Amino acid sequence: MSSPQERPVRIHRDKHLSVRLTQDEKERLEALVKATDCRSPSEFVRNTAMGYPVKSVVTHEAINELRRLGGLMKHLFLEGGRDDPDGQYLATLQELKAAIHRLGREQ
């Protein structure tokens with residue numbers, strides 16, 4: 001597949017395409033749409049099919065959970081006498097911090 005294309009700006013769409021789904025497929029599609037910045041199933045299917053970017057929506061709960069895990073990891077590091085010979089605690093904390101920063105910008 002080619003690289004994602006840019007989404008066209010304000011185009012009048014007057015053609016209709018009907019797709020039949022099972023109830024399970026419809027529910028799965030609607031769940032996928034809710035996890036993105038798309039406003040409707042039509043927009044999601046069109047963007048996906050045409051290779052336009054579809055951004056996932058990150059909830060505040062997800063970011064807070066990452067922060068909580070980082071806090072627990074820091075606590076374990078401090079309780080363990082700050083012993084990190086392989087640098088794993090520090091590397092993991094830095095990755096968590098970078099992920100939180102990236103996710104926070106996407107909102």
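The values are calculated or read from the model by the stated rules, or taken from the named source; none is laboratory data. Here the structure is a predicted model, which is why all the values come from computation and not from measurement. Please note: Cβ atoms are built from the backbone with ideal geometry, for glycine as well, and neighbour counts cover all protein chains shown.
Before moving on, here are some points about what is shown:
Rundown of residues vs (1) over 25 Å from the mean Cα position of the chain (by Cα); (2) more than 22 Å from ALA35 (Cα to Cα), yes/no style:
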| residue | (1), (2) |
| --- | --- |
| ILE63 | no, no |
| ARG67 | no, no |
| LEU72 | no, yes |
| LEU76 | yes, yes |
| GLU79 | yes, yes |
| ASP84 | yes, yes |
| THR92 | no, yes |
| GLU95 | no, yes |
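- The set of residues in segment 27-59 that are surrounded by 12 or more Cβ atoms within 10 Å (Cβ to Cβ) and within 19 Å of HIS12 (Cβ to Cβ) comprises CYS38, SER42, GLU43, VAL45, ARG46, ASN47, TYR52.
- Residues in segment 1-41 that are more than 23 Å from VAL58 (Cβ to Cβ), modelled with pLDDT of 90 or more and of a type in the set (Ser, Thr, Tyr): SER18, THR22.
So that you can scan it fast, the table gives a plain yes or no per residue for (1) touching a residue at least 40 places away in the same chain (Cβ under 8 Å); (2) aromatic (Phe, Trp, Tyr); (3) within 30 Å of LYS97 (Cα to Cα); (4) touching a Gly at 6+ places or on another chain (Cβ under 6 Å):
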| position | (1), (2), (3), (4) |
| --- | --- |
| LYS15 | no, no, no, no |
| TYR52 | yes, yes, yes, no |
| LEU72 | no, no, yes, no |
| GLY80 | no, no, yes, no |
| ASP83 | no, no, yes, no |
